[in-house]
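All of the numbers you see were taken from the coordinates with simple rules; none came from a lab. Just so we're clear, the structure is a prediction, and the values are computed from it rather than from any experiment. Glycine also receives a Cβ, built like all others from the backbone with ideal geometry; neighbour counts cover every protein chain displayed.
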Amino acid sequence: MPRLSRMRRAWLAVACALLAALPLGGCVNQHPDRGASGDGGAAQRIVVTSPAVAEMTDRLGLDVVGVPKTAFDLPARYADATVVGPPMAPDLEVLATLHPDYIVSPISLSNDLRPKYASIGRASIFANLNSVDGLYESVSYLGAKFDRQQQADQLVAQYRRYMDDFRARIADKPRPRVLVLMGVPGSYLVATPHSYVGSLVEQAGGQNVYDDAPDAFVNANTEDMLARDPDIILRCAHALPDQIRDMFAKEFSTNDIWRHFRAVQEGRVHDLPHDQFGMSATFRYPEAHATLLGLLYGMDEGAAASGPGATPHAPDAGDPGSAAGRPPAATGDSSPSDAASADAPVASRPLPTDAAAVTASHRSSSALQGPSEKKGLS
């Protein structure tokens, strides 16, 4: 990797700390008198702090009292909700005045936001948006908790039908070896199958060359990447997509090692659309799948575009979770989800002492270990 300036090195350290905070999941309720299966049917005052989470609660038919500040459209049903500030830094004073029973945020921000919510005595739920499976497990969790089980079951059933069809379409395809790079200002990280982008590639039949990594993102050197010999290199951006695209173009043209990659020699290096491949799972994953079918197999990109995610909102570049559109009405199969709880959202309730402040386990991205077991919907 090219030598970085001191400022860029500092930024990368911060970015790595943020990205390494993405846990693999877990379901923890820190308040013993409120079970994960519901709160007695009473209406709850809910605040959502990300457009992606707002889309989830809207699909479940839940009203909220607070929404994030964002430049993009939120569901129309939330037009009168109070704006609580940007997703990464909601205003605690505004949150406190709303007296929410629960604040729902993306799990990627749990390390930073959980203690802040606890400081104002508010309960929190962190939705797992690290994969499409995690997205639907979070939908199922919220549905069970807030008396929207039927709606959640219908959404999960839709997803299963979609994935059955999608898997059938790629069943006889080869598994190309894929290197996924996530650009951050001044540098880049490798995205593994534990990241949202990496999970999309895996669902589309690609074999991530860093599938032995236990974390969502790792900081690997180019010599190690070269030794793994990817068939295809995919590049995406955490934010500032135009700037990141220019950065990748300069890196690949000036750093001599890239010309030794077979994927570069064969012209199989692609920049992924930022509105489809962000940091967090959204309901426009069928569009991302369609893009990947074109890049991995040369299949018609429009063939997989129809599915549970349609007419999406534009993503919020300042938000780890981006908004997406509403699916068509579900019909037929709506049996309850049997998803394992290992990747469910983290629910937390502040207790009078600090002993309950930290419950989720987090791994460092400093070393590569054996592959971790992942559980999801199938």
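General observations
- For the peptides 221-228, 146-153, the ranking by packing is 146-153, 221-228, with the highest mean count of neighbouring Cβ atoms within 10 Å listed first.
- Computed packing ranks the peptides 104-114, 79-89 as 104-114, 79-89, most packed first, by mean other Cβ atoms within 10 Å.
- Packing-based order for 66-76, 92-102, 234-244, using average beta carbon neighbours within 10 Å, highest first: 234-244, 66-76, 92-102
- Once the chain from Asp164 to Glu223 is taken as fully extended at 0.36 nm per residue, the excess over their C-alpha distance is 17.4 nm.
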